[in-house]
Amino acid sequence: MPSSSRPPTRPPQYGRRPSLLRCIIFTILAIIVLVGLAVLITWLVIRPTKIEYYVENAKITHYNLTSKDALSATFDVSLAAYNPNRRVSVYYDNVEFSVWYVGQMVVTRGGEAFYQPRQNVTRLDFEAAAEGVGLKGYVAGQMRRERSMGRTDLEVRLNARVRFRVGRWRSKHYKMRVRCYPVTVRFGKKKAFEETDCDVDM
């Protein structure tokens, strides 16, 4: 009498289907690569270049430094901003100018918001008056010495919140800090002003 037996069962197959965790990892990596490529392509197309700043002119009028180290003076400064980008324009919001001397802020004032087109030079003129500003002892002493020499070195700063525009797209706000030093101002007879390049930090 013939004997009957069960057909051999097929052993379980492992490793043919990727696990859920592996799928998630591959998906995340693919997204990272795609985003990186998009950023790279955008950068290559736009090629953003840093805005350039320089001081075209600066002067001090109505200067008076009392024996009690109180400074009164009017500062007139002309800045030029050059946007070299062919595709990027800039919105300036919350603009603030300030003049510093030997690490002490002498005067500050706000400026109007403005828009800078592509490949454009925008000139910014501001006038600010310091009235009886108390200077630290060593600061006043240094200013007296430089005043006797007929010249003084100032530091001009511009702080602003900026947004960039490419086509219809606008970026979020960024902080821009512009520092111009030394801005050499001469007293007395008018002399040619030497333009001062500025450092721009974004």
Looking at segment 43-66 only, could you name the residues that are open to solvent by 40 Å² or more (accessible area, probe 1.4 Å) and either in a strand (DSSP E or B) or at pLDDT 95 or above (or both)? Glu52, Tyr54, Glu56, Asn57, Lys59, Thr61, His62, Tyr63, Asn64, Thr66
Could you list all residues from segment 96-112 that are surrounded by fewer than 14 Cβ atoms within 10 Å (Cβ to Cβ) and among the aliphatic types (A, V, I, L, M)? Met105
Please specify each residue of segment 183-201 satisfying the condition of being part of a strand (DSSP E or B) and over 13 Å from the mean Cα position of the chain (by Cα). Val183, Thr184, Val185, Arg186, Thr196, Asp197
If I ask for residues that are loosely packed, with under 15 Cβ neighbours inside 10 Å and not in a strand (DSSP E or B), which ones from segment 67-83 would you list? Ser67, Lys68
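Residues checked against (1) in a helix (DSSP H, G or I); (2) open to solvent by less than 100 Å² (accessible area, probe 1.4 Å); (3) over 14 Å from Tyr91 (Cα atoms):
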residue	(1), (2), (3)
Ala130	no, yes, yes
Arg147	yes, yes, yes
Thr152	no, yes, yes
Asn159	no, yes, no
Lys172	no, no, no
Tyr181	no, no, yes
Name the residue that is farthest from Thr61 (Cα to Cα), counting only residues in segment 132-145 that are small (Gly, Ala, Ser) and assigned to a strand (DSSP E or B). Gly134
Cross-chain or 6+ apart pairs with Cβ under 6 Å, segment 103-118 first and free of Cβ contacts under 8 Å to residues at least 24 places away in the same chain, then open to solvent by 40 Å² or more (accessible area, probe 1.4 Å): Gly110/Glu96
Among the residues that make up segment 18-28, is at least one of them open to solvent by 70 Å² or more (accessible area, probe 1.4 Å), modelled with pLDDT of 90 or more and hydroxyl-bearing (Ser, Thr, Tyr)? no
Selection over segment 113-126 where residues are farther than 14 Å from Arg165 by Cα, part of a strand (DSSP E or B) and either open to solvent by 50 Å² or more (accessible area, probe 1.4 Å) or among the small types (Gly, Ala, Ser) (or both) yields a count of 3
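The values are calculated or read from the model by the stated rules, or taken from the named source; none is laboratory data. None of these values were measured; they are calculated from a predicted model. In this analysis, Cβ positions are derived from the backbone assuming ideal geometry, glycine residues included, and neighbour counts consider all displayed protein chains. When the accessible area is computed, the model is the full protein with side chains, heavy atoms only, and any ligands, DNA or RNA have been set aside. Shrake-Rupley method; radii C 1.70, N 1.55, O 1.52, S 1.80 Å.
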